[in-house]
1. Which condition number does Gly83 fail, the rest of (1) touching a His at 6+ places or on another chain (Cβ under 8 Å); (2) open to solvent by 10 Å² or more (accessible area, probe 1.4 Å) being met?
2. Determine which member of the set Lys53, Lys60, Lys31 is surrounded by fewer than 15 Cβ atoms within 10 Å (Cβ to Cβ) and among the basic types (Lys, Arg).
3. Under 22 Å from Asp14 (Cα atoms) and open to solvent by 70 Å² or more (accessible area, probe 1.4 Å) - does that describe any residue in the stretch 86-94?
4. Only residues in the stretch 1-28 that are under 17 Å from Lys62 (Cβ atoms) count as the first member; pair them with residues that are open to solvent by 60 Å² or more (accessible area, probe 1.4 Å) and aliphatic (A, V, I, L, M), Cβ under 9 angstrom, at least 6 apart or cross-chain, and list the lot.
5. Quick check: is even one residue across the stretch 88-99 assigned to a strand (DSSP E or B) and touching a residue at least 24 places away in the same chain (Cβ under 8 Å)?
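The values are calculated or read from the model by the stated rules, or taken from the named source; none is laboratory data. Quick caveat: nothing in here was measured; it's all calculated off a predicted structure. Cβ coordinates were reconstructed from backbone atoms using ideal geometry, including for glycine residues, and neighbour counts include every protein chain displayed. Surface areas here come from the heavy atoms of the whole protein model, side chains and all, with no ligands, DNA or RNA. Shrake-Rupley method; radii C 1.70, N 1.55, O 1.52, S 1.80 Å.
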Amino acid sequence: ERLPLSLTRKRFVDKARSLSQEPGGYLFLGKDKVKVLKAASEEESGDELGTIKVAKHGIKVKVADGYVSLLTLLPEGKKAMDGASFAAGHRGLDGQKAS
């Protein structure tokens, strides 16, 4: 099930947790479809809906009322990994839009 970016931080985190690995909630980060296995709410705000920020600790995506950190991701055809590992292998995500 696709995770809507129009959700609040709390609802996004709760929905990602409830979908877990099966059936799994997913987003597109750049061209890559990834399941979000674990996310956490961030206090940071600003930017447009869907903006991706890459930090040394991982990936953050702007939702309705702030940012969520994508802590554990499952890219299609790969093993689960933390957000920092995904970001390291996908340079150029910073500033792009998630969908």
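1. (2)
2. Values: Lys53 fails: surrounded by fewer than 15 Cβ atoms within 10 Å (Cβ to Cβ); Lys60 fails: surrounded by fewer than 15 Cβ atoms within 10 Å (Cβ to Cβ).
Only one candidate qualifies: Lys31.
3. No: the stretch 86-94 contains no residue that is under 22 Å from Asp14 (Cα atoms) and open to solvent by 70 Å² or more (accessible area, probe 1.4 Å).
4. Leu5/Leu49; Ser6/Leu49
5. Yes, the stretch 88-99 contains a residue that is assigned to a strand (DSSP E or B) and touching a residue at least 24 places away in the same chain (Cβ under 8 Å).
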